[in-house]
Every structure is written in C-alpha cells, then in structure tokens.
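Shown next, in structure tokens, is the structure this report addresses.
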Protein chains: 2
Amino acid sequence: MKHTRTEKILENCGELDAIVFINGTEPCLDMGFFYVTELVEGLFEGGLAIVYPDGSLEVVTSLLEAESAKKGDFEISVFKTKAERKEITKEKISKFKKIGINAQGLLHKNYLDLKELFPDIEFVDISESVSKARMIKDDKEIDTLKSACKMVSEVAEDIVDFIKEGILEYEVAAELSYMMQKKGAVGPSFDTISSFGKNTAEPHYTAGDAVLKKGEFVLLDFGAKYRRYCSDITRTFVCGGGSDKHKDMYETILKAQKLALDKIKPGVNGKDVHQAVSDFIEGTKYKGLFTHSTGHSIGLSVHDGPAVTKEVDVILEENMVFTVEPGIYISGYGGVRIEDDVRVTKDGVEILTWGTKELIEV
Amino acid sequence: MKHTRTEKILENCGELDAIVFINGTEPCLDMGFFYVTELVEGLFEGGLAIVYPDGSLEVVTSLLEAESAKKGDFEISVFKTKAERKEITKEKISKFKKIGINAQGLLHKNYLDLKELFPDIEFVDISESVSKARMIKDDKEIDTLKSACKMVSEVAEDIVDFIKEGILEYEVAAELSYMMQKKGAVGPSFDTISSFGKNTAEPHYTAGDAVLKKGEFVLLDFGAKYRRYCSDITRTFVCGGGSDKHKDMYETILKAQKLALDKIKPGVNGKDVHQAVSDFIEGTKYKGLFTHSTGHSIGLSVHDGPAVTKEVDVILEENMVFTVEPGIYISGYGGVRIEDDVRVTKDGVEILTWGTKELIEV
C-alpha cells in the first residue's frame, strides 16, 4: 500500500520516531485519526493510530470497533480493557524517544495520560503538518466532497417548493435533513440552521419554532456528511414579495461573493480575499455588519483548517477546498448570507455547490 | 442569579482563583462550556467561560456569537480579532496564580497557547469535578432529557410501519432523522446507525446502502439532540418471520437488559451492574459476544461521563442518567442490542424511553 497521506504529514515534521494520533470521546473525535486511517465507519473512541517514519500505519482499537477497523489497510491490535489498552500502548511506543502528536485534535486529558505513562518521551506538536496535509485534498477526498456538495445543491433547489408562509423553522430543518439523507448522506455535517425573520441576524442560530411570515428572510445553512466529509451551503430566500431593503441586502452579498470567487486562485493569500470582501462591504451602507470570516477550509471537519479571514495567512494552492460565505446581519431585522464550497484549481476556482443566485421568493 | 452549576463544580476543586473553559473548534466543542453557560444556540468556537470562586460567570465570545451570548445570564466581552481575544484573555486572567482547566474538554493546542501566554500561572485539571457535577442532572436537565427521550421513543414506535423488505439502510436513517426533527429535535445526537443483516454485527456501523431482506435483523440506534441534550435508543427488529436463532438472541438480550434495570439504584456500583449482565451473557451460548459496556452516562454529550463497565467505579446516585444497552454480535450473521435511557431514582430507575420489548417483525 502507498501511504500518501502519512507521507504528506511526515514531510513537514522533522525527525520523529513516530506520530501518535489518540482519538478522543464524542463529540471530540480527532479527524486526524480518520484522515490517516481512512476509516469510514466507527467512532474509535480511545483508539490510536501510530504512523512510522516510512509512512506505514498501525491502529490500536477497542474490541467494539474491531469489525469496523478490519476495513482499513493496516495492522490492527485490539484491546478489551483499559489495562490492555495501556499494555499495547506501552509495547508499541515505550521504545521511542520523540513522538509527534496532533495537538489540534488531541484532548489535553489524553496528553496528560500519555505524559504520565511516558515521562521520558519528548512529545512534539505536529498539528501544523497535519493541517497542511489535510488542506490539499487528494483525488479520493475531492470525489467524496463533490458527492457531499451535490447532495446539498440539489436539496437547496428542492427545498424552495416546500417553504411556505406559516411553516415552522424546525419543520424546514427536518425536511433538509430528510432530503440529504435520502440522497445518501450519513447525516447533517453540523446542526442545521433554519432561521426566519429577525433570527436570520444570528449567524449561528440553529432552528426554533418561529413561524414564517410574509416579508421575512429565510436563511438556511446546512451541510451533508458523506463518508465523513462535510459540505456546507447557505441560501437566503424571502417570503412573499421582497422589499427594496431585502433586495439591496441580497444584491450586496451576491456581489461580495462574486468578488471573492473572482479573486481566488493559487498564490493568492486568503487574507487578501477576505480584505477585498470586507473593503467592499465596508464601502456600502452595511458597514460594520459583516461580522465573520469570508470562509473556511472544509473537509473531514466543517471547520477544517484555516479560515479565510483578516488575521490568517494562507497562500491558496490547487485542491484546497473552501467555503465562500459573506453575510450581513442587522440585529432585530435579519441577515443575508450566501455560501458555496469551492475547490482551488490551477488558475481559479471550481464551484462545487450550485444553484440559482437570484433572490428567490417563497 | 443563583450559580448552582458552577457551585457544584467548585465544591470539589480545592482553592482556585478561577476556572477557565476554553471552547475548541467543531467537532471538538467543550460541553463543559455549555454546561456552565447554559447557552442553547451557537458554536462559540474559541469562546471562554470564566468561573470565579463565588460561582459567578463571565463569557468571552467572538462577535459572531455575541447575539447568541446575550441570551445568557452573565457578563459578556466581545472580541473581533484574535489579537483582541488575546488582550481580553490577558485582562481577565493574567492576575491569577492558579486556574482550573477542564482537560477532558480542552484541546491540547488551546492548553499550549494558554501556557505560552501565561507561563507563570499554575493550571490544574479539574475535569473530574466537572464530570462529577454533570453526572447528577438538575431539574432543568432532566426535563430536557425527558423531552429528547420522548422524541426517540415515539419515533421508535412509528418507524416500524415504515420498514419493509427492500428498503435501504440509509432510507430508514433518513426517516428517523426526519421524524425526530419534526418533533423539534435540532438534529440527531450522533450519526444514526441503521443496519441490516450482517451489518448489525458491527456495533458502531452507521448506515449504508444494504437492501433489507427477509430473515435479517434490523438494528436502529439513534438519538435526538434537543436544547443540546442527547437521547440514545436502540431497537432491534427482524424482517419477516424471525427464526429460533433470532428469537433466542433477542430474548437473551432482553433478559440481560431487565437484569441491569433491576439492579440499578443509588449506592450500587455501575461496575457491578455490568458484571451481572456480563456474567449472565457469559453463561449463555453467546459467551464472548457482548463486546462493549452495559451503558454510559448521557447528557450534553452522548458519552457524558463514565461508562457502566468492568473497570469503572461509579457509585450510582439519584438523578444520574444512563443508557442501558446490552448487545451480542455474531460476525457475518448479525447482532442484537436493546437500549433505553434511565434516570436513577431514590430507590430504583425511571425508564425515560419506552416502547414494546417484544421482537417486532417488520
């Protein structure tokens, strides 16, 4: 087997005897563990993935997940008890002097336990290398992401027929999940945001029991999880005839998104993409109302690495995948956000999610 | 305001200048942060909750979640940039000498950043106290859990009519999510397990595209997330007429579950509940096939504290809430698991999920 993913990580790590991924407990699972193992089923709480300098891989798993682990292309060791887990861990790594750990996915408690067990081993945070490797998607990842993006794009188109005056936020959220899962998604990639009216001004709202009324924005932000990979899309509609204010807010954000899409290509700094969007919005009457980043890397996690934002230097490279999602929010009134997922291509972007960009009236 | 939750945590912490919860990044959110803040909406990535020795609370949040944070009953400080976050953090905690941290919910990277910023502060892991406080649910938590349990119990009953020979695993999973969300769940509390036939032998399978055939087990393990609290239920059915083998496996697990339910009451060690279940199954022809714990604490996380298992001492107390879920798994054939959520009462258990326990044929 070729160990391309582990080799990508090791490339930037300096000399190490091994890298150890220690998976946490739900909801704190280390996506680094799943990145290297490529395991699609199972939680693997307390599981270990040990990467050796030649790129080869070994997995230590509880008996509970042994059946799922067999689908991987690596040696596995199975423990039945915590004591056995400790023994196997000792057997595997006590001989090492310097071990890489993925601090961005590792629970501090698991680190403390490790340090107690191996006080003489030097543990080095190699999470930057993991993040860097994960940022550039391989062919298999891109295919999977495309499938996840296709699901939400189709659902975003179909949901329009379902939304009517009088419907409740959580009914729309339910329908979104249903439609995604009927297309093969394992589930939503995050808690679906289905917000109406003034709730649309709260960017990380989920879904309550507000009733849709004429003249209100409908903001839906949802994603499909497919073979552990996440898509993430936002569409904003208006119920009944949109007012000039609705249309103006929407047009502003549509322009802002286009501006970002036009700017993205290899070699550009994500920070500059954000700056362009921010400068544009700051030059409109919506100054100060764009309160988040322009986007974020997406993959095994919804927030899968650096954001496209003011303080983050990220030089775009081919096969990075980001969301592009400017938004503006007027407290007590409502908000607009338009979000698509894009892959950086050799000379621009491939938009992985699709759908009409007109302000749709429902 | 009374700060009962923070006081419950502080009780077991020893002397501290403060406790700081630092929330991670999706999917690694610290449920301790949400336990003390009681915030129902929002992700609060990078947010801080600072608990003072008098039990009072302050929250530091990004502008993105400021709107959501206002719903909490505490002072908030808002940052727009990472630099501002650092400044506010310094202002709030640099004066302290000894700070408690929740290592079981804290990303090691966030700890490293904290330690770099405050090399002279002593950080003490107080996660055992957080876990202990969270184990005993207060009235509000019990009400919320009951709502989440009601949703899945009703869905478990209704899904029976939907499952027919020829249906696909993921279609059933989609229907389960839909039904839960139509009842007001924010979403599933974990990736729904919808498995047929030999896939039912894989305890942490999710849902694939297997087609249901006569003579196969159907194992559904799903939960509703409601106001951040999780329920978790498993039902096993059989398609067409169940064979003697199906019935025998099912009856064995039903007996095992009853045995556990009869044993649970305050003062009993969870370990002994597990031992009784394990001894019983080991005495049947299914020896060696019960590969996981009898249950786990449930609350803000699906796996919310100690498991009911061999190596864990947990003395049951009133208002602890656990799953009770024995199972047996025959590789290549199939598995049976029956799971309910229960509250420990003054002298026994209250079963929060319900439904018939006969082996239902679909």
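The values are calculated or read from the model by the stated rules, or taken from the named source; none is laboratory data. Please read these numbers as outputs of a predicted model, since none were measured by experiment. Here the Cβ positions follow ideal geometry from the backbone for every residue, glycine too, while neighbour counts run over all protein chains shown. Keep in mind that these areas ignore ligands, DNA and RNA; they rest on the heavy atoms of the full protein, side chains included. Shrake-Rupley method; radii C 1.70, N 1.55, O 1.52, S 1.80 Å.
The residues of segment B:321-334 that are in contact with a Pro (Cβ under 9 Å, 6 or more places away or on another chain) and open to solvent by 10 Å² or more (accessible area, probe 1.4 Å) amount to a single one, B:Tyr329. Scanning segment A:118-131 turns up no residue that is surrounded by fewer than 19 Cβ atoms within 10 Å (Cβ to Cβ) and either modelled with pLDDT under 95 or of a type in the set (Lys, Arg) (or both). With respect to the conditions (1) touching a Ser or Thr at 6+ places or on another chain (Cβ under 9 Å); (2) open to solvent by 70 Å² or more (accessible area, probe 1.4 Å), A:Arg85 falls short on a single one, namely (2). A:Ile233 satisfies every condition listed in (1) at pLDDT 95 or above; (2) open to solvent by 20 Å² or more (accessible area, probe 1.4 Å); (3) more than 14 Å from chain B (Cβ to nearest Cβ) except (2).
A:Leu220 satisfies every condition listed in (1) more than 21 Å from the chain's Cα centre (by Cα); (2) more than 12 Å from chain B (Cβ to nearest Cβ) except (1).
Among the residues of this structure, B:Leu316 counts as one that is in contact (Cβ under 8 Å) with a residue 12 or more places away in the chain and either more than 10 Å from every other protein chain (Cβ to nearest Cβ) or of a type in the set (Val, Ile, Thr) (or both). Across segment A:172-186, the qualifying residues are those that are open to solvent by 10 Å² or more (accessible area, probe 1.4 Å) and more than 7 Å from chain B (Cβ to nearest Cβ), and the one among them that is farthest from A:Ala148 (Cα to Cα) is A:Glu175.
As a summary of the residue check, B:Gln257 satisfies the conditions (1) farther than 18 Å from B:Asp340 by Cβ; (2) in contact (Cβ under 8 Å) with a residue 60 or more places away in the chain; (3) surrounded by fewer than 24 Cβ atoms within 10 Å (Cβ to Cβ) except for the one numbered (1). It is to be established whether one or more residues within segment A:92-113 are in contact with a helix residue (DSSP H, G or I) (Cβ under 6 Å, 6 or more places away or on another chain), surrounded by fewer than 19 Cβ atoms within 10 Å (Cβ to Cβ) and farther than 29 Å from B:Val124 by Cα. No - not one qualifying residue is present in segment A:92-113.
Count of segment B:208-217 residues, restricted to those that are in a loop (DSSP other than H, G, I, E, B), open to solvent by less than 20 Å² (accessible area, probe 1.4 Å) and more than 10 Å from every other protein chain (Cβ to nearest Cβ), is 1.
Considering each residue of segment A:47-59 in turn, none proves to be within 25 Å of B:Lys225 (Cβ to Cβ), within 20 Å of the chain's Cα centre (by Cα) and assigned by TED's automatic domain parsing to the domain that holds A:Ala103.
When segment A:152-171 is limited to residues that are within 23 Å of the chain's Cα centre (by Cα) and away from chain B (no Cβ under 12 Å), the one that is surrounded by the fewest Cβ atoms within 10 Å (Cβ to Cβ) turns out to be A:Glu157. Considering B:Glu11, B:Glu67, B:Glu45, B:Glu7, the condition of being farther than 30 Å from A:Asn23 by Cβ, open to solvent by 20 Å² or more (accessible area, probe 1.4 Å), of a type in the set (D, E, K, R) and in contact with a strand residue (DSSP E or B) (Cβ under 9 Å, 6 or more places away or on another chain) is satisfied by B:Glu67 alone. Scanning segment B:79-113 for residues that are at the interface with chain A (Cβ under 10 Å from one of its Cβ atoms) and of a type in the set (A, V, I, L, M, F, W, C) gives B:Ala83, B:Ile101, B:Ala103, B:Leu106, B:Leu107, B:Leu112. The residue that is nearest to the other protein chains (Cβ to nearest Cβ), among those in segment A:189-205 that are open to solvent by less than 20 Å² (accessible area, probe 1.4 Å) and either part of a strand (DSSP E or B) or within 23 Å of B:Thr192 (Cβ to Cβ) (or both), is A:Thr192.
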